[in-house]
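**Student:** If you scroll down you'll find the structure; I have some questions about it.
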Amino acid sequence: MSRKHVVWMLAVLMLIAGPLAAQLTVTATELEVVNGTTSDVYANLVLGQPPASPPPNCSNLGNQIKSLTDTRLVFVSSNGGTKISFTVPTAADDKGYYKLAAGESITYMPQPCASGDNDCTPALTFNFFFTASDDGFDANNGCSNATFPNATNLAEGSINFSINGSVGSGCANPDTTDISAVNGVNAKIAIDTSGSGWPYPSAQNGALGTNADRNGVFGWAATNCTNSAGFPNPSTVCAAPVDAPVAPASGQCTTPNGTNYAPISLGTPGATQYCAQLSDSGTCNNQRTASTTGGTVTVTYSGSIAPKN
């Protein structure tokens, strides 16, 4: 975090969130979202949801922010230290957008699970994508389309699950982050992490087709980092990005370190075959040491990435 952000955050703590932040007796991880450009951009947020039932060895999932209307979801702007809110464009209150001004940042400031419950803060699972206009949720369907020819990429993460009041070793998950280019790429995004226990201090995606073997980044169609399963595109109803890597004439795809693998084929004679951007090792996810919290996850938008074709 820059000195400028430290200064304004201290002011915010005193003016707005100071009393609530001071009540916490646990060290929580914060989230900062930064517009690193000289133009406005829409930060589109989708909140992850808990499973329908607890997994094995977990009797209570604890607290998690599931709605943008949750009063414990406190984001504060660097512009004046004011609390901001997300516009919810649909009936579903788990997704919404905020217009980030040029150079503006917003910081999520963890709150107690409930009044007086100061050794607990809700977990947060976030998925951010960035668009030039407020139609992100209308046009972003994981496929190539007129608005997003190369689909979109996401900054993803889960924080504070180990201090959310959950009960059982099977439900206390470590903090984790990644950049997903599985659907495609429309923006240059970086994730920087502070605090102990992170394998990688930073991650950053490149243009579509260049994201294999980048720590903390899932390449196109590389659902499981080193292999593909369940990717949204291409399919018979979901077009591949216009810059999706086309398989060579040999019909053999290759990882950066030379491992061969089969191309993506829809099974239609004469249809284009593609090479998923598989990594050589499973380093796409930046997962923290278990039960370690604190510091800040900083997501920075640095501009759009236009299609080459």
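Bear in mind these aren't lab numbers, they're just calculated from the coordinates by the rules spelled out. Since the structure is predicted, the reported quantities are computational estimates derived from the model, not experimental observations. Glycine also receives a Cβ, built like all others from the backbone with ideal geometry; neighbour counts cover every protein chain displayed.
**Student:** For the stretch 135-281, just the Cα atoms, rotate onto the principal axes and tell me the three extents in Å, largest first.
**Tutor:** If we take the Cα atoms of the stretch 135-281, the spans are 54, 40, 29 Å.
**Student:** May I ask you to evaluate 6.51 cos²θ - 1.76 cosθ + 1.60, the Karplus curve with θ = phi - 60°, for each residue of the stretch 214-225 and list the ³J(HN,Hα) values in order in whole Hz, giving x for glycine and proline?
**Tutor:** The phi angles translate into 9, 4, x, 9, 8, x, 4, 6, 8, 3, 10, 6 Hz.
**Student:** Using only DSSP helix segments of four residues or longer, with each worth -39500 (n - 2.57), what per-residue ellipticity at 222 nm results for the chain after dividing by its residue count and rounding to 500? Could you put the intermediate results ahead of the total?
**Tutor:** Values: 3 runs with 20 residues, N = 309.
Calculated mean residue ellipticity at 222 nm is -1500 deg cm²/dmol.
**Student:** So, one more: Please say if the stretch 56-169 is rounded, prolate or oblate, where rounded means a/c under 1.5 for a ≥ b ≥ c the square roots of the C-alpha gyration tensor eigenvalues, and otherwise the choice is prolate for a/b larger than b/c and oblate otherwise? Let's see the in-between values first.
**Tutor:** Numbers: a/c = 2.48, a/b = 1.52, b/c = 1.64.
It is oblate, given that a/c is not under 1.5 and a/b is not larger than b/c.
**Student:** Sticking with this one: Structure shown: which of 99/188; 66/99; 99/308 lie over 24 Å apart, alpha-carbon to alpha-carbon? Show your work: numbers first, answer last.
**Tutor:** Numbers: 99/188 17 Å; 66/99 21 Å; 99/308 27 Å.
Check vs 24 Å cut-off fails for 99/308.
**Student:** In addition: Mind telling me which of 92, 212, 271 comes out most flexible in a GNM of the chain, alpha-carbon contacts under 10 Å?
**Tutor:** Fluctuation is largest for 271.
**Student:** Which parts of the stretch 33-71 would a label at residue 93 reach, counting a residue when its backbone N lies under 12 Å from a point 7 Å out along Cα-to-Cβ?
**Tutor:** From the stretch 33-71, the list is 66-71.
**Student:** Could you tell me the distance between the Cα centroids of the stretch 273-305 and the stretch 212-249, to the nearest Å?
**Tutor:** With the stretch 273-305 and the stretch 212-249 each reduced to a Cα centre, they are spaced 16 Å.
**Student:** Separate question: Angle, helix 3-12 long axis vs. longest principal axis of the chain, Cα atoms, 0 to 90°, nearest 10?
**Tutor:** Taking Cα atoms only, the helix is inclined about 50 degrees.
**Student:** Given a Förster distance of 51 Å, report the FRET efficiency between residue 268 and residue 101 from their Cβ-Cβ distance, rounded to the nearest 0.05.
**Tutor:** On the way: r = 46 Å, r/R0 = 0.91.
For residue 268 and residue 101, the calculated efficiency is 0.65.
**Student:** Right, something else. Once the convex hull of the alpha carbons of the chain is built, what does its volume come to per residue, in cubic angstrom? Walk me through the numbers on the way to the answer.
**Tutor:** On the way: hull volume 43.7 nm³, N = 309.
Convex hull of Cα atoms, per residue: 141 Å³.
**Student:** Could you please report the charge total around residue 253, scoring K, R as +1 and D, E as -1 over all other residues with beta-carbon less than 15 angstrom from its beta-carbon?
**Tutor:** Net charge in that neighbourhood comes out at -2.
**Student:** If you don't mind, there's one more thing I want to ask. Of 76, 46, 26, which is the most mobile in a GNM of the chain whose springs link Cα atoms less than 10 angstrom apart?
**Tutor:** 26
**Student:** Between 247, 132, 52, find the one with the highest GNM mean-square fluctuation for the chain; connect C-alpha pairs within less than 10 Å.
**Tutor:** Evaluated over the chain, the most mobile residue of the options is 52.
**Student:** Which length gain, in nm to one decimal place, applies between residue 114 and residue 145 when the Cα-Cα distance is subtracted from 0.36 nm times their residue separation?
**Tutor:** Details: separation 31, 0.36 × 31 = 11.16 nm, distance 4.34 nm.
Length difference between fully extended and current span is 6.8 nm.
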